[in-house]
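Structure record follows, encoded as structure tokens.
The values are calculated or read from the model by the stated rules, or taken from the named source; none is laboratory data. Remember, it's a predicted structure, so these values are computed and weren't measured experimentally. Cβ atoms come from the backbone with ideal geometry, glycine included; neighbour counts cover every protein chain shown. Each accessible area value is taken on the protein alone, full model and side chains, heavy atoms only, with ligands, DNA and RNA left out. Shrake-Rupley method; radii C 1.70, N 1.55, O 1.52, S 1.80 Å.
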Amino acid sequence: MEEISDLIKQRHEKLSEIRKLNIDPYPYRYTVEHYAADINNKFASVQDIPHDIHHVRLAGRIMTKRGHGKVNFAHIQDSTDQIQIFIRHNDVGEEKYNFYQKLIDVGDIIGVEGFVFRTQTGELTVYVKDFTLLAKSLRPLPEKWHGLQDKETRYRQRYVDLITNPDVKQ
């Protein structure tokens, strides 16, 4: 339990740091033009997607985040589905990339703009040209691999169950 309170404390510190940068951690509006399910369905059978043609703008909660030097992959989940995003230091700029690396956590909601492409492993991905923090999450999501298993918690905190278990939503 102490581990969770430490995570919450760290997230509050990050929130303070975001505000010191004069960035609103809970902006009022963000125009979403696309949804993950629409992108996944449209490009499911397309193998060679021409680069920089299919511009998308979507928003979602970060479900996973993994960095590899000056690039970062994450999965974001919106109300329809989940999609991978790719953020590169050279494309968003050093300041914004460092902001993403240091202050954005799993559970935060971001808006992304970019284009659709396939990675070398064949996964449909949004190549991010710009992103916006839409909501800073102050509580961590349940562990990814085990999920939310306690039946009591699943019923009491239904919103967490819906975030972590897509089957429940269906």
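Per-structure values
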{"item": "Residue check, residue 125 at pLDDT 60 or above, crowded, with 18+ Cβ neighbours inside 10 Å and part of a strand (DSSP E or B)", "result": "yes"}
{"item": "Test: residue 74 is in contact with a Ser or Thr (Cβ under 9 Å, 6 or more places away or on another chain), open to solvent by less than 30 Å² (accessible area, probe 1.4 Å) and within 25 Å of residue 11 (Cβ to Cβ)", "result": "yes"}
{"item": "Check on residue 147, surrounded by fewer than 17 Cβ atoms within 10 Å (Cβ to Cβ) and either at pLDDT 95 or above or part of a loop (DSSP other than H, G, I, E, B) (or both)", "result": "yes"}
{"item": "Every residue from segment 72-96 that is aromatic (Phe, Trp, Tyr) and at pLDDT below 95", "result": "none"}
{"item": "Single residue of segment 26-45 satisfying the filter (free of Cβ contacts under 8 Å to residues at least 60 places away in the same chain and hydrophobic (A, V, I, L, M, F, W, C)) that is most open to solvent (accessible area, probe 1.4 Å)", "result": "37"}
{"item": "Identity of the residue in segment 47-71, of a type in the set (Val, Ile, Thr) and outside any loop (DSSP other than H, G, I, E, B), that ends up modelled with the lowest pLDDT", "result": "64"}
{"item": "Any hit, segment 1-15, residues being touching a Phe, Trp or Tyr at 6+ places or on another chain (Cβ under 6 Å) and among the β-branched types (Val, Ile, Thr)", "result": "no"}
